[in-house]
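Structure record follows, encoded as structure tokens.
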Amino acid sequence: MAVPHHLRPEDRADYEETLRLALVRTGQRALKEQALADADTITAAASDEYAAYVALRRDASRHPAAQSSTALAALAVLTPIISATSAVFLLLAGYILQLADVSAPLPASLITAGWILATVAVLTTLLAVAAVFRTALRARRGPASPADIEQARLEWKRALLERGLVPYLSGSGDNSGRTATG
């Protein structure tokens, strides 16, 4: 029988920890080396849970930007607000100075800076809205959280113990077609 998911090297420690628990539960300590050698076959008994765990872990590793997205989101929210507020104050000051008939180049500079900041506010608002829509369309559910990954890991270990290791060590032959040899 082809094993759909071979045990990955990074999961070997979890497998050995679960094996130790199964050895204590069944009292079959003499089968430890054989169970280590048959890890892929035994893991196949919990292949659905293992596949879900590996997929969640892979999904989380493909989204490294998720950890830094908080700063980018804050920037996307604050830039339009700050530039719009600054634009309002600069335009007000510039036009008030212009009405007061100040002959220095200051009113014209304030008005120009105000309109530039107003343009920045509009453009960054449009970019932020576009980014929100793109994110909503691309992924309805974000990357897996560490809690989701840990839950999937625990479910895999429980299935590995109950449907893989304990039947294997007990010799019941109930783990993905394997027959007891020892």
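Being of a type in the set (Ser, Thr, Tyr) and at pLDDT below 90 is a property that Thr70 has.
Among the conditions (1) within 30 Å of Ala152 (Cβ to Cβ); (2) among the hydrophobic types (A, V, I, L, M, F, W, C); (3) free of Cβ contacts under 8 Å to residues at least 24 places away in the same chain, the only one that Ala52 does not satisfy is (3). Looking at Ala152, Ala144, Ala159, Ala113, just one residue is at pLDDT 95 or above and surrounded by 16 or more Cβ atoms within 10 Å (Cβ to Cβ), and that residue is Ala113.
Within region 5-26, residues that are assigned to a helix (DSSP H, G or I) sit with their Cβ atoms under 8 Å from residues that are surrounded by fewer than 16 Cβ atoms within 10 Å (Cβ to Cβ), at 6+ positions apart or across chains, in these pairs: Glu16/Leu36; Leu19/Lys32; Leu19/Leu36; Leu23/Arg29; Leu23/Lys32.
Whenever a residue of region 143-171 is charged (D, E, K, R), its partners that are part of a helix (DSSP H, G or I) and open to solvent by less than 80 Å² (accessible area, probe 1.4 Å), lying with C-beta atoms within less than 7 angstrom and at least six residues away or across chains, give the pairs Asp148/Leu56; Arg153/Asp14; Arg153/Tyr53; Glu155/Glu49; Lys157/Asp14; Lys157/Thr18; Arg163/Ala45; Arg163/Ala46. I'm checking my understanding of the structure. Among residues of region 6-56 that are under 13 Å from Leu169 (Cβ atoms) and of a type in the set (Lys, Arg), which one is least open to solvent (accessible area, probe 1.4 Å)? The qualifying residue least open to solvent (accessible area, probe 1.4 Å) is Lys32. Residue count for region 121-137, restricted to those that are open to solvent by less than 100 Å² (accessible area, probe 1.4 Å) and either hydrophobic (A, V, I, L, M, F, W, C) or closer than 18 Å to Ser83 by Cβ (or both): 11.
The values are calculated or read from the model by the stated rules, or taken from the named source; none is laboratory data. On a predicted model such as this, the values are computed, not experimentally measured, just so you know. With ideal geometry, Cβ positions are generated from the backbone for all residues, glycine too; neighbour counts draw on all protein chains shown. Each accessible area value is taken on the protein alone, full model and side chains, heavy atoms only, with ligands, DNA and RNA left out. Shrake-Rupley method; radii C 1.70, N 1.55, O 1.52, S 1.80 Å.
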